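Visitor: Here it is, the structure in full.
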Amino acid sequence: MEQQTVTEDHAPTSAASTMDQRPGLHVDIGQRRRAQHNEVHITLKDVTVKYGTFTAVRGVSLEVPRKEITALIGPSGCGKSTLLRTLNRMNDLVPTASVAGSVRYNGEDIYDADVDPVEVRRRIGMVFQKPNPFPKSIYDNVAFGPRLNGVKRELDDIVEKSLRRAALWDEVKDKLGQSGLSLSGGQQQRLCIARAIAVDPDVILMDEPCSALDPIATLRIEELMREMTSDYTIVIVTHNMQQAARVSDRTAFFTVDVDNPQQERSGVLVEVDDTETIFTQASDERTEAYITGRFG
Amino acid sequence: MSTTLTTPEPSKLRGIGGGRADRLFRGTLIFAASSVLVILAAMIIRTTIEAWPVFAKEGLFGFVFGQQWSVGTSRSEVTGTYGAFPFIYGTIKTSLIAVVVAVPLAIGIALFTNEVAPKWLRRPLAYTVDTLAMVPSIVYALVGMYFFRLYVWGPAGQVIADSPLTSVPIIGGFFSGPVLLSSYWSAANILAIMILPIITAICRDVFAQVPEDERNAAYAMGATRWEVMSKVIVPHSFSGIVGGTMLGLGRALGETLAVAVLIGSSQRWAGRLFAGGDSMTAVIANTFADAHPEAIWALLAIGVTLFFITMFVNIGARLIVARVGGRVGGGAVI
Ligand SMILES: Nc1ncnc2c1ncn2[C@@H]1O[C@H](COP(=O)(O)OP(=O)(O)O)[C@@H](O)[C@H]1O
Ligand SMILES: [Mg+2]
């Protein structure tokens, strides 16, 4: 049984009771009341993403503060994953996808013609919904990215540092040669986090990183995310309200909108604010309806 | 308050014809499956019996490593000398070279088809390569004989033989001239073309099975398309590639016609690549028409030997695939 530690940020709740709660009823929003946010790391201005002629998300403007956790929430199909993938140009891999508007990372538009998407992805890493280690050893999984960058000598150090950073080192230090697939689901996901941070990004995007995990593994990842804010900016997509409330500093609520002239359904950003504000006094009634479970 | 329950009608669970039809069907299938074994066993036993006098005279070692092949004319006993080494050597040499030429090409074609080519081009490309597999052997033999040999492999061989490669110690001699038009080299090349479709098809299949998630993980770490291909897709497909290679090797070992016309039919084996030689299938195809009975036995002995070599290659392939597949925990298995 994994040991469950409780960080100062959280009221001590058992994993089971946390998961049992209905969305929005007894949300623990922690003590992360913020007087002021950090400087902006990523700025989206009027971002619209289309697949062919279908508009998946329309007109999103959003600021992501540095070294904080921003959660993207909303009903399924409202374009959260799509928007997340535009932040590190993973959408380039979908031939039909097109992005309008601007996405600025440290003030630089990552969609400028002379920007190399490969360089963008080295700085803005990503963790996926399903843990997806390579069918290689634990060591080789973490070393994969650094090796791409030609690192040879300090590889052992990087692997150890990344695994420590992902709170996985103690569990795997004696079996680095074993297949990454031999680990449990939660360990695999932390391995994927270690793998992502091994290339030394400063932003990490996570697309429902806990949806395939059990409650205890989920809590461990959430704790890890809180710890990681000392070094990384994190953007997380989640459909778990409590998760957004527990881990994030800011929350952006998206929904599917049909109120446009063409009558087509596309995702829109309803509002973005401090997580505490969103969960206690959302200014848009759609947000409130969603987080109290009356919708979606 | 009580109610009386009525007994339901029986639901006719006991059908009549079903069981018997099942048994008949099963019997047919068992017969079909076992007939394969019977045919295989009959072929092995029959050819081994026919070939036995030759093995008995030469001994297995003498047959496999003997250098001299001079056929006799008897109908009842073995009077000639039957050392099959030049043919065994030629078969293995041409097949291995064919694999060395074909595998990188097949991997390249499969990667291009699956990963690089625009969507609309992928199917036509795949069909084109698959069509190569439908071309009859005799057509390869003719095209090899009257075109490739003269205008491609001959000149290419000359370039290699004139290159500094020939002065590299140890391996230099292998690439030295003179370049004959009918040679191990020409035979290996036609074999490479002939096994290309099967290896390419298998590579395409196993590449397509690499999970999207794994590619995305690599892309998300800043891998280029080339790096995703070389560091994710090919390693993930390793066991499948090995399987496809072995399958191709098996085909190359058994291919007859094209090799028979292109290998040169020289009964003295040579270490050089560009020299003429002979192979197991080629010597059977080229000499059985006017062979006396004892020479037929000897040719059958070659056939039996080839069968066992091919079988060992296939068993080896399966072992390698199973081991490699198990070690990396997954991957496509042939
Ligand atoms: N590769 C794609 N091609 C076409 N449509 C897509 C693709 N990916 C997502 N979509 C569509 O875009 C919309 C938003 O999807 P997604 O971003 O996955 O939403 P969410 O993550 O919020 O559930 C959905 O209607 C979905 O069907
Ligand atoms: Mg999604």
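Visitor: Using modelled backbone amide H atoms (1.01 Å from N, in-plane), which distant-in-sequence or interchain residues come within less than 5 Å of A:I236's amide H?
Guide: Answer set, sorted by chain and number: A:T70, A:A71, A:L72, A:M206.
Visitor: What full-extension length gain, to one decimal in nm, is calculated for B:F25 and B:R123 as 0.36 nm per residue of separation minus the Cα-Cα distance?
Guide: Result: 31.4 nm gained on full extension.
Visitor: At q = 0.11, 0.19 Å⁻¹, what base-10 log of I(q)/I(0) does the Debye formula yield for region B:1-142 when every alpha carbon is treated as an equal point scatterer in vacuo?
Guide: -0.88, -1.16
Visitor: I've got another one for you. So which lysines can A:K136 reach, going by Cα to Cα under 23 Å and dropping same-chain residues fewer than 8 places off?
Guide: A:K152, A:K161, A:K173, A:K175, B:K231
Visitor: How many partner chain Cβ atoms sit within 10 Å of a residue's Cβ in peptide A:144-152, on average, as a whole number?
Guide: Neighbouring Cβ atoms belonging to other protein chains average 3 per residue here.
Visitor: Can I ask one more? In the Gaussian network model of chain B, springs joining C-alpha atoms below 10 Å, which of B:L300, B:L257, B:L60 carries the largest mean-square fluctuation?
Guide: B:L60
Visitor: Charges at C-beta only: +1 for Lys and Arg, -1 for Asp and Glu. How large is the resulting dipole of chain A about its Cα centre, in Debye rounded to 20?
Guide: 640
Visitor: Next question, about the same structure. Which value, to two decimals, describes the C-alpha radius of gyration of region B:122-195 once divided by 2.2 N^0.38 Å?
Guide: Taking N as the residue count of region B:122-195, the ratio is 1.34.
Visitor: Checking the a/c ratio against 1.5 first, then a/b against b/c, what shape does the Cα gyration tensor give for region A:62-146?
Guide: Prolate is the answer for region A:62-146, as a/c is 1.5 or above and a/b outweighs b/c.
Visitor: Where does each of A:H37, A:H239, B:H236, B:H292 land when they are ordered by accessible area, with a 1.4 Å probe and the largest first?
Guide: Output order, biggest surface exposure first: A:H239, B:H292, A:H37, B:H236.
Visitor: Check B:G66: other-chain or 5+ apart residues with amide H under 5 Å from its amide H, H built from backbone geometry?
Guide: Answer set, sorted by chain and number: B:A84, B:F85.
Visitor: Taking the Cα centre of chain B as origin and charging only Cβ (+1 Lys, Arg; -1 Asp, Glu), how large is the dipole, in debye to the nearest 20?
Guide: 640
Visitor: Another question, if that's okay. Using Cα springs under 10 Å in a Gaussian network model of chain B, which residue among B:N114, B:N314, B:N216 shows the largest mean-square fluctuation?
Guide: Per the Cα network of chain B with a 10 Å cutoff, B:N216 tops the list.
Visitor: Could you check the simple spin-label distance between B:Q67 and A:Y51, using points 7 Å along Cα→Cβ, in nm with one decimal?
Guide: Here the modelled spin labels are 7.0 nm apart.
Visitor: A further question follows. Show B:V152, B:V64 ordered by accessible area, largest first, where the area counts protein heavy atoms only and the probe is 1.4 Å.
Guide: Accessible-area ranking of B:V152, B:V64, largest first: B:V152, B:V64.
Visitor: Within 10 Å of each Cβ in A:111-117, how many Cβ atoms from other chains are there, averaged over the peptide?
Guide: Per-residue shielding by partner chains comes out at 1.
Visitor: What percent antiparallel are the DSSP beta bridges of the protein assembly as shown, to the nearest 5?
Guide: The antiparallel proportion sits near 60 percent.
Visitor: Please check: in the Gaussian network model of chain B (C-alpha springs, under 10 Å), which one of B:L249, B:L299, B:L125 has the largest mean-square fluctuation.
Guide: B:L125
Visitor: Return the long-range amide H neighbours of A:T48 (sequence gap of 5 or more, or a different chain), with a cut-off of under 5 Å between placed amide H atoms.
Guide: A:G59, A:V60, A:A100, A:G101
Visitor: Can I ask one more? For region A:78-84, what does the Karplus curve 6.51 cos²θ - 1.76 cosθ + 1.60, with θ = phi - 60°, yield as ³J(HN,Hα) per residue in whole Hz, taken in order and with x for Gly and Pro?
Guide: 8, x, 5, 5, 4, 5, 4
Visitor: Please sort by residue number the trypsin sites (Lys or Arg not before Pro) in region B:220-299 whose DSSP state is loop and whose Cβ has at most 12 other Cβ atoms within 10 Å.
Guide: B:R268
Visitor: What is the mean number of Cβ atoms from other protein chains located within 10 Å of the Cβ atom of each residue in peptide A:129-142, rounded to a whole number?
Guide: 4
Visitor: From the mean inverse distance of alpha carbon pairs (Kirkwood) and the Cα radius of gyration, derive Rg over Rh for region B:15-70.
Guide: With Rg and the Kirkwood Rh in hand, the quotient comes to 1.46.
Visitor: Place a +1 charge on the Cβ of each Lys and Arg in region A:74-214 and a -1 charge on the Cβ of each Asp and Glu, then give the dipole magnitude about the Cα centre in debye, rounded to the nearest 20.
Guide: Using Cβ point charges on Lys, Arg, Asp and Glu, region A:74-214 gives about 280 debye.
Visitor: With the cut-off at 1.5 for a/c, could you classify chain B from its C-alpha gyration tensor as rounded, prolate or oblate?
Guide: Verdict is oblate for chain B.
Visitor: Farthest toward the dipole's positive end in chain A, which of A:G186, A:L62, A:N106, given Cβ charges of +1 (Lys, Arg) and -1 (Asp, Glu) about the Cα centre?
Guide: The one lying farthest along the dipole's positive direction is A:G186.
Visitor: Hey, what do the phi angles of region B:33-47 turn into as Karplus ³J(HN,Hα) couplings, whole Hz, using 6.51/-1.76/1.60 and θ = phi - 60°, x for Gly and Pro?
Guide: 5, 6, 4, 4, 4, 5, 4, 4, 4, 4, 5, 5, 5, 4, 5
Visitor: When only DSSP loop residues count, what trypsin sites (Lys or Arg not before Pro) in region B:14-102 have their Cβ near at most 13 other Cβ atoms within 10 Å?
Guide: B:R14, B:R75
Visitor: Using the alpha-carbon centroid of each, what span in Å lies between region B:131-181 and region B:237-310?
Guide: Here the answer is 18 Å between Cα centres.
Visitor: For region B:99-105, take each phi angle, set θ = phi - 60°, evaluate the Karplus expression 6.51 cos²θ - 1.76 cosθ + 1.60, and give the result in whole Hz per residue in order, putting x for glycine and proline.
Guide: 5, 4, 6, 7, 4, x, 4
Visitor: Right, next: What are the radius of gyration and Dmax of the protein assembly as shown, computed over its Cα atoms and given in Å?
Guide: Over the protein assembly as shown's Cα set, Rg and Dmax evaluate to 33.9, 109 Å.
Visitor: For A:D249, A:D214, give me the order by solvent-accessible area with a 1.4 Å probe, most accessible first, ignoring ligands, DNA and RNA.
Guide: Solvent-accessible surface, decreasing: A:D214, A:D249.
Visitor: Using a cut-off of 9 Å between beta-carbons, work out the net charge of the residues near A:T55 (Lys and Arg +1, Asp and Glu -1, A:T55 not included).
Guide: Charge balance in the 9 Å sphere: +2.
Visitor: Right, next: What does the helix-only formula give at 222 nm for the protein assembly as shown: each DSSP H stretch with n ≥ 4 adding -39500 (n - 2.57), the total divided by the residues, and the result rounded to the nearest 500 deg cm²/dmol?
Guide: That comes out to -15500 deg cm²/dmol.
Visitor: Also: Taking the dipole about the Cα centre of region B:85-328, with the C-beta of Lys and Arg at +1 and of Asp and Glu at -1, give me whichever of B:T256, B:P118, B:I315 is farthest to the positive side.
Guide: Value computed over the given set: B:P118.
Visitor: Running Debye on chain A with equal point scatterers at the Cα sites and no solvent, what base-10 log of I(q)/I(0) appears at q = 0.09, 0.11, 0.12, 0.15 Å⁻¹?
Guide: Listed by q, the Debye log ratios stand at -0.44, -0.66, -0.78, -1.21.
Visitor: Once the whole set of protein chains is in place, how much accessible area is left on A:K175, using a 1.4 Å probe, in Å² to the nearest 10?
Guide: The accessible area comes out at roughly 60 Å².
The values are calculated or read from the model by the stated rules, or taken from the named source; none is laboratory data. Quantities reported herein were computed from a predicted structural model and do not represent experimental measurements. Virtual Cβ from ideal backbone geometry, glycine too; neighbours counted across all protein chains shown. To get the accessible areas, we keep the full protein, side chains included, count just its heavy atoms, and leave off ligands, DNA and RNA. Shrake-Rupley method; radii C 1.70, N 1.55, O 1.52, S 1.80 Å.
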